[in-house]
2 protein chains.
Amino acid sequence: MSDHKITGVFSAAATPLNADNSPDLGLFTEHCRRLLQEGCHGVALLGTTGEANSFSSGERRAILEAALKAGVPADKLLPGTGVVAIPETVELTKHALSLGVTKVVMLPPFYYKGVSDDGLFAAYSQVLEKVADNRLQVVLYHIPQVSGVPLSIPLIGRLIEAFPDTVVGIKESAGDFNNMQAIIAAYPGFSVLAGADPLLLPLLKAGGAGCITATSNLVADSLRTVYEKVHDEAHAGEVEAAQVRINVYRTLSNSYVQIPTIKAMVGLKTGNAAWKRTRAPLMPISDADHAALSQAYAKLPQGARP
Amino acid sequence: MSDHKITGVFSAAATPLNADNSPDLGLFTEHCRRLLQEGCHGVALLGTTGEANSFSSGERRAILEAALKAGVPADKLLPGTGVVAIPETVELTKHALSLGVTKVVMLPPFYYKGVSDDGLFAAYSQVLEKVADNRLQVVLYHIPQVSGVPLSIPLIGRLIEAFPDTVVGIKESAGDFNNMQAIIAAYPGFSVLAGADPLLLPLLKAGGAGCITATSNLVADSLRTVYEKVHDEAHAGEVEAAQVRINVYRTLSNSYVQIPTIKAMVGLKTGNAAWKRTRAPLMPISDADHAALSQAYAKLPQGARP
């Protein structure tokens, strides 16, 4: 995997809120530092789990700036900068670069559905040509069940060919292992990152580059174990056990609406109920569900790190 | 229909672009004036046909301001102000109100899919409570095939009950006549506006309030005829003929990708090829398709007004 430009365990970090629904920057940066301590190579903030598209452009900038100000190194941050309008994707990407953050995760424009590959190629191309910064490394973001806009394998190839030093990877959040394998086969050296935690181990075995996942908010240590030891036969049992632990957390988080449940579980892990808050249209899980979640959470296997 | 707070023929106005993809404000305001001259009661700018979500917040403001500056009366403008993040929906709605524009069309937040009615109610409620302006009249925007976020009949009812003077109508762009009838039956006085041109006549007969449609960019005169004379038996033949003409234009525009084709047809109507331009991810129709469209367009029945 040494030829991957982006490789490792990245957290699709959740964003805690204050009582007035503004981002809780202090609690967020504390969370980022904890994720790195627990084993993440980096923090993919402002993604789907991070409720990025529910924040204004100004709030997004403030969240990224807060992480840097709190001492999180720029090279460990992968903010989402792809929004629905090209000019604003350009602005957010330039803002990240202006702070020394050179890796971003980029959604396609996601309002119109059924758009052509030509249209998506034009959208990404226009963004990259307007940003025009050779430091930039872009992870494409394929999450059709949310965005409604899949990124086809030919489209990925056209983007790699046109921007070989910039378009370096993809977050495959459709959870489609066949698609991940097909991308790896088609574009050697291009970094395929799993968006679904259960696929980290099989993806690494198949030549993938790592993951950007939600469960990493809870079990970064186990994800790191899988990543570090996947190719070491002597640790096969430990790796399998770590993947099982990841899957158990993932299954529990998917027992209710996933993002609010991940946030509630971070609250249980850290003893801070403020984590339960979500921004509309996402709603916190109900009190009854939270009580049941608490009981189930208490029975989960705890981690070793840090 | 006299109890409707919003009633009439409104154009889902297309937005022309300059060669650099910026909005062509001069051509746009000329288009707005023509739409009113041709029979529209108002212009629902910055909707799906208007590619609103492909423009930055600043561009959206500039487009609205240009229409006012060009003399389009504020009470004839219904801008789309619903975007994906609540704070920006609040800002765009306040901006319209600051200019004296009190009627808006509002999408729900459209990134997350499968969200609950509670979540959508919370999102709309937070917007309306933060805007806090009793002049505001909101047309909800139901276009699930694009937004991915349907507005259920119970949700509509909760919003009407909570904000009876503000939530006054809905643009039903799913093209589901049963749904339109069910909304009319459930909420008398609430304005149901057809988003699909072929449904204007049946909707008006069923107690609907009018339309906000794309084909109005081309045949506002015929839509106005249907609206004015639908309840006058003496003009039944004229009304039927007008609806047939509308449908013929609509069918041709749907022979290719709809929004680029509507724009190309406005270009054919006005003799200005600049209208062909679209902003990515939408692409202009191909030269071959444009040639075929031109031939078909030349055979369409022309209008009487003005």
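The values are calculated or read from the model by the stated rules, or taken from the named source; none is laboratory data. Here the structure is a predicted model, which is why all the values come from computation and not from measurement. Cβ placement follows ideal geometry from the backbone for every residue including glycine, while neighbour counts extend to all protein chains displayed. Calculation scope for accessible area: heavy atoms of the full protein, side chains included, ligands and nucleic acids excluded. Shrake-Rupley method; radii C 1.70, N 1.55, O 1.52, S 1.80 Å.
Mind listing whichever residues of the range B:125-148 are in a loop (DSSP other than H, G, I, E, B), of a type outside the set (A, V, I, L, M, F, W, C), under 21 Å from the mean Cα position of the chain (by Cα) and at negative phi?
Residue satisfying the conditions is B:Arg135 alone.
Considering only residues that are over 17 Å from B:Ala52 (Cβ atoms) and either open to solvent by less than 30 Å² (accessible area, probe 1.4 Å) or not in a helix (DSSP H, G or I) (or both), which ones fall in the range B:71-85?
Residues satisfying the conditions are B:Gly71, B:Pro73, B:Ala74.
Just to verify a result, which residue in the range B:98-124, among those that are open to solvent by less than 10 Å² (accessible area, probe 1.4 Å) and part of a helix (DSSP H, G or I), is nearest to B:Leu159 (Cα to Cα)?
B:Tyr124
Looking for something within 14 Å of chain B (Cβ to nearest Cβ), in contact (Cβ under 8 Å) with a residue 24 or more places away in the chain and out of contact with any strand residue (DSSP E or B) (no Cβ under 7 Å at 6 or more places or on another chain) - is there at least one such residue anywhere in the range A:198-214?
The answer is yes; a qualifying residue exists.
So A:Ser147 ticks every box in (1) in contact with a helix residue (DSSP H, G or I) (Cβ under 8 Å, 6 or more places away or on another chain); (2) buried (at least 24 other Cβ atoms within 10 Å of the Cβ); (3) among the hydroxyl-bearing types (Ser, Thr, Tyr) but one. Which box is left unticked?
With (1) in contact with a helix residue (DSSP H, G or I) (Cβ under 8 Å, 6 or more places away or on another chain); (2) buried (at least 24 other Cβ atoms within 10 Å of the Cβ); (3) among the hydroxyl-bearing types (Ser, Thr, Tyr) applied to A:Ser147, the lone miss is (1).
Just to be sure I understand, how many residues within the range A:56-65 are open to solvent by 30 Å² or more (accessible area, probe 1.4 Å) and either away from every other protein chain (no Cβ under 14 Å) or within 13 Å of A:Leu107 (Cβ to Cβ) (or both)?
1
Listed residues B:Asp165, B:Asp176, B:Asp133; which is without any contact (Cβ under 8 Å) to a residue 12 or more places away in the chain and either away from chain A (no Cβ under 14 Å) or over 30 Å from B:Arg245 (Cα atoms) (or both)?
None of the others qualify; the one that does is B:Asp176.
If I ask for residues that are part of a helix (DSSP H, G or I) and closer than 23 Å to A:Leu193 by Cβ, which ones from the range A:19-50 would you list?
A:Phe28, A:His31, A:Cys32, A:Arg33, A:Arg34, A:Leu35, A:Leu36, A:Gln37, A:Glu38
Output the number of the condition that A:Glu161 fails; it satisfies all remaining conditions of (1) within 21 Å of A:Ala52 (Cα to Cα); (2) exposed (fewer than 15 other Cβ atoms within 10 Å of the Cβ); (3) acidic (Asp, Glu).
For A:Glu161, the failing item is (1).
Of the residues A:Leu159, A:Leu155, only one is within 14 Å of chain B (Cβ to nearest Cβ) and touching a strand residue (DSSP E or B) at 6+ places or on another chain (Cβ under 7 Å); which?
A:Leu159
Given the structure, is B:Ala209 open to solvent by less than 20 Å² (accessible area, probe 1.4 Å) and closer than 22 Å to B:Gly8 by Cα?
Considered against the rule, which asks whether it is open to solvent by less than 20 Å² (accessible area, probe 1.4 Å) and closer than 22 Å to B:Gly8 by Cα, B:Ala209 comes out as yes.
State whether the residues of the range A:19-40 include one that is more than 27 Å from A:Gly189 (Cβ to Cβ) and among the aromatic types (Phe, Trp, Tyr).
yes
Among the residues of the range B:238-254, which ones are more than 24 Å from B:Ala52 (Cβ to Cβ) and small (Gly, Ala, Ser)?
B:Ala241, B:Ala242
Between A:Leu35, A:Leu68, A:Leu45, A:Leu17, which is away from chain B (no Cβ under 13 Å) and in contact (Cβ under 8 Å) with a residue 60 or more places away in the chain?
A:Leu35
Only one of (1) surrounded by 21 or more Cβ atoms within 10 Å (Cβ to Cβ); (2) within 8 Å of chain A (Cβ to nearest Cβ); (3) part of a loop (DSSP other than H, G, I, E, B) is not met by B:Asn53, so which one is it?
(3)
Can you tell me which residues in the range A:258-300 are assigned to a loop (DSSP other than H, G, I, E, B), over 20 Å from A:Arg33 (Cβ atoms) and open to solvent by 60 Å² or more (accessible area, probe 1.4 Å)?
A:Arg277, A:Met283, A:Pro284, A:Lys299
Given the criterion polar (S, T, N, Q) and within 14 Å of chain B (Cβ to nearest Cβ), identify the matching residue among A:Ser125, A:Ser98.
Answer to the selection: A:Ser125.
For the range B:183-205, which positions are farther than 18 Å from B:Val226 by Cα and open to solvent by less than 40 Å² (accessible area, probe 1.4 Å)?
B:Ile183, B:Ile184, B:Gly189, B:Phe190
Of these, B:Ile6, B:Ile63, which one is outside any loop (DSSP other than H, G, I, E, B) and at pLDDT 95 or above?
B:Ile63
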